[in-house]
Structure formats: structure tokens, C-alpha cells
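Trainee: Below is the structure I would like to discuss, written out as C-alpha cells.
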Amino acid sequence: MAFKIESDYEFDSDWIPKEKFKEIFTTKAEAVAMAIEAVDDPEIQEVRIIDVETGDVVCRTTELNYEQ
């Protein structure tokens, strides 16, 4: 499987280069770990984990409901 992260907010990290957030990740866990570092407050600034093959949102950093 392949996953990517996306957000309506600009990716910003003090220690991870911005281009790393545009990579395709091979595991959901790897994508989630990168997503929580992508913005200042991932519980407010939503970052979504997307299944590249289906385009489905498989995880969000906020508490909003999502379809699995």
C-alpha cells in the first residue's frame, strides 16, 4: 500500500524539510508519524492520511469523523 499526507495548512517543521511531507509512504504508521510533525498543532490544523490507490481518507489528525 501507499499513503500520502495532505492538509489545508502549509506544512511547517523546525527539523523536517518541507519536501519530505510530499513523499509517498509505504505504511500508514509512517504517514501518521510524518503527519503529526507537519503542522504546529495537528489536533487543530488537520492533516489527512490518504490511500494513494483509492484516494480515500484513512486517518485524520483531528477528531472529525471520516469514512473508512
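Computed from the coordinates by the stated procedures, all read-outs in this text should not be read as laboratory data. Remember, predicted model here, so these are calculated numbers, not experimental data. Here the Cβ positions follow ideal geometry from the backbone for every residue, glycine too, while neighbour counts run over all protein chains shown.
Trainee: Which value, in debye to the nearest 20, gives the size of the charge dipole of region 1-42 about its Cα centre, when Lys and Arg are +1 and Asp and Glu are -1 at the Cβ?
Mentor: 320 debye
Trainee: What's the long-distance tail for region 3-60, i.e. % of Cα pairs beyond 16 Å?
Mentor: Result for the distance tail: 33 percent.
Trainee: Could you pull out the chymotrypsin sites (Phe, Trp or Tyr not before Pro) across the chain that fall in loop regions by DSSP (anything but H, G, I, E, B) with no more than 11 other Cβ atoms inside 10 Å?
Mentor: Taking the chain and a limit of 11 other Cβ atoms within 10 Å, the loop chymotrypsin sites (Phe, Trp or Tyr not before Pro) found are 15.
Trainee: What order do you get for 51, 12, 40 when you list them from fewest to most C-beta neighbours inside 10 Å?
Mentor: 40, 12, 51
Trainee: Right, next: What does the charge count near residue 14 come to, summing +1 for each Lys or Arg and -1 for each Asp or Glu among other residues with Cβ under 12 Å from its Cβ?
Mentor: Residues close to residue 14 contribute a combined charge of -2.
Trainee: Filter the GluC sites (Glu not before Pro) in region 1-44 down to the DSSP loop ones having no more than 15 other Cβ atoms within 10 Å, then list what survives.
Mentor: Passing sites in region 1-44 are 10, 23, 43.
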